[in-house]
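Structure first, then comments.
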């Protein structure tokens with residue numbers, strides 16, 4: 001038996017060696033499993049609707065070009081790369097920097113700056129803070145050097161006017177032919193938003209657009225690329241097709257969002273935000289990703305809009321990307337569970353638990369508070385570059401904690417158990433640690449893992465397999481949720497920074513897990529081929 005293992009290891013090493021000789025970037029590319037997004041079944045869509053869908057996709061493709069310019073610059077970088085694996089890796093990352101590490105993998109380029117392309121390379125945080133232009137704090141302005149060397153704010157709609165004009169033309173054509181008044185209203189307001197960088201009215205219109213089988217999420221939404229100050233948002237787009245049956249199932253539980261808020265642990269003052277009664281949830285199949293959405297790690301759910309005014313007045317919309325969730329579970333999480341868990345734990349991870357964990361992770365984004373309770377302004381501004389990490393931590397831990405509470409309130413054990421939810425969460429957490437310290441999501445996952453480890457929620461055997469203590473894990477998740485909610489509500493930047501420094505460091509166990517998952521060929525994430 002030992003000889004067989006040694007022989008297998010030698011064969012694997014030789015295979016890896018040959019692959020490395022072929023290209024040093026082959027293994028990096030293969031960390032992203034290829035998932036084909038098939039052409040959708042449009043049997044329930046009118047010919048008019050199909051044309052609207054085509055226009056959505058054209059607009060999304062232009063967002064892709066805009067995002068290349070926003071994040072990196074001139075996409076012709078790809079024309080200078082001869083190694084096909086290296087070129088593919090640059091396409092995955094939308095530039096010469098590994099999204100997991102921030103390191104450059106193309107000669108002639110330094111490592112990615114924390115401020116990406118949003119700020120001058122030579123600008124310090126102190127310079128930004130001393131600058132008095134109020135436009136600097138908008139999520140929709142770039143910071144540039146004027147001719148005299150001073151800082152100036154440039155609105156997105158001015159910086160990217162050529163791209164936005166093309167996007168507007170596609171959306172105008174879609175608005176002209178749609179037979180849905182709510183869709184027409186949304187598209188016209190979105191055009192105005194893209195041209196003015198005032199998104200309030202378009203976000204209200206998007207929440208009102210709940211009678212269409214198709215959806216288009218488009219614009220600058222996520223601020224994850226701005227790791228310097230956590231302010232500036234990146235352009236992205238999703239073209240979606242709704243799943244009515246699963247949506248109805250989700251709505252039965254998520255419509256009681258007010259009750260879930262009270263289920264969260266900690267001081268009531270730290271969880272007083274009440275999302276508007278218009279909050280809803282949809283299950284969709286993703287037909288197309290573009291821009292930030294398609295860069296590096298692929299999101300599997302959305303909770304929008306981010307504007308706290310809209311959230312309070314009207315609520316949020318949670319969108320679960322069901323076909324992508326299924327692809328990630330089958331391609332990564334299920335296989336990772338076989339590698340990581342002791343045999344008696346392997347029975348617990350399930351696709352249903354993974355789906356519901358993701359659903360409530362997105363619900364959790366809309367809970368807690370949006371404004372600090374002690375006059376420090378918004379949570380986002382008070383925590384600065386720590387805000388994204390703590391928001392990702394909150395969503396992950398509070399989300400699975402709410403799933404556990406769901407098990408306490410409702411008889412859904414025939415779908416999955418609390419142990420299923422916690423085991424699935426843990427496997428996904430460990431495999432997601434491979435996202436590394438180069439992103440807020442990666443740092444959040446590493447911090448959660450280390451916190452659970454210090455709490456005795458699991459033990460790692462010499463074999464590399466994990467044994468889970470479900471009671472301690474649920475208790476630790478509750479304690480961590482309370483801590484995160486307090487940090488956000490009080491805007492305690494110093495504590496947030498110290499917490500991240502303490503917990504967001506990869507351990508030897510992390511390195512060993514990554515090696516084991518790599519040897520078994522478990523990808524870190526997925527990339528798409530669209531039919």
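Please treat every number below as a calculation from the coordinates, not as lab data. A quick note: this is a predicted structure, and the numbers were derived from the prediction, not measured. Positions of Cβ are backbone-derived with ideal geometry, glycine not excepted, and every protein chain shown enters the neighbour counts.
Starting from 0.36 nm per residue, how many nanometres of slack lie between residue 165 and residue 346 once their C-alpha separation is accounted for?
59.9 nm
Kindly provide the helix-only [θ] at 222 nm of the chain, computed as the sum of -39,500 (n - 2.57) over DSSP H runs of four or more divided by all residues, to the nearest 500 deg cm²/dmol?
-15500 deg cm²/dmol
Using 1/(1 + (r/R0)^6) with R0 = 60 angstrom and r between the beta carbons of residue 417 and residue 74, what's the FRET efficiency to the nearest 0.05?
The formula returns an efficiency of 0.70 here.
Hey, what's the Cα Rg ratio for the stretch 18-82 versus the globular rule of thumb, 2.2 N^0.38 Å?
Values: Rg = 18.0 Å, N = 65, 2.2 N^0.38 = 10.7 Å.
Relative to the rule-of-thumb radius for its length, the stretch 18-82 sits at 1.68.
Tell me whether the stretch 405-531 comes out rounded, prolate or oblate; compute the Cα gyration tensor, take square roots of the eigenvalues as a ≥ b ≥ c, and use a/c under 1.5 as the rounded threshold.
On the way: a/c = 1.38, a/b = 1.06, b/c = 1.30.
Rounded is the answer for the stretch 405-531, as its axis ratio a/c remains below 1.5.
What's the extension gain from residue 46 to residue 262 if we count 0.36 nm per residue and subtract their Cα-Cα distance?
That pair, residue 46 and residue 262, stretches by 73.4 nm at full extension.
Once you order the gyration tensor axes a ≥ b ≥ c over the Cα atoms, which shape class does the stretch 177-335 get: rounded for a/c under 1.5, otherwise prolate or oblate by comparing a/b with b/c?
Note, shape of the stretch 177-335 comes out rounded.
Based on the alpha-carbon gyration tensor of the stretch 162-207 and its eigenvalue square roots a ≥ b ≥ c, which shape applies: rounded if a/c is under 1.5, prolate if not and a/b is larger than b/c, or oblate?
oblate
May I ask you to compute the full-extension gain from residue 479 to residue 30, defined as 0.36 nm times their residue separation minus their alpha-carbon distance, rounded to one decimal in nm? Spell out each step's value before the answer.
On the way: separation 449, 0.36 × 449 = 161.64 nm, distance 3.73 nm.
Result: 157.9 nm gained on full extension.
Given a Förster distance of 41 Å, report the FRET efficiency between residue 150 and residue 373 from their Cβ-Cβ distance, rounded to the nearest 0.05.
0.65
Measure off 7 Å from each Cα along the Cα-to-Cβ vector at residue 471 and residue 507, then give the distance between these two points in nanometres to one decimal.
It is 2.2 nm.
Note down the nm distance, to one decimal, between modelled labels 7 Å out along Cα→Cβ at residue 455 and at residue 313.
Between residue 455 and residue 313, the label points sit 3.8 nm apart.
Considering only DSSP beta bridges where both residues belong to the chain, give the percentage that are antiparallel (nearest 5).
70 percent
Normalised by the residues of the chain, what does the relative contact order come to in percent, with Cα pairs under 8 Å and at least six apart?
17 percent
Using alpha carbons only, how many angstrom separate the centre of the stretch 22-64 from the centre of the stretch 488-512?
A separation of 36 Å, based on Cα centres.
Taking the Cα centre of each part, how many Å lie between the stretch 269-336 and the stretch 350-377?
A separation of 10 Å, based on Cα centres.
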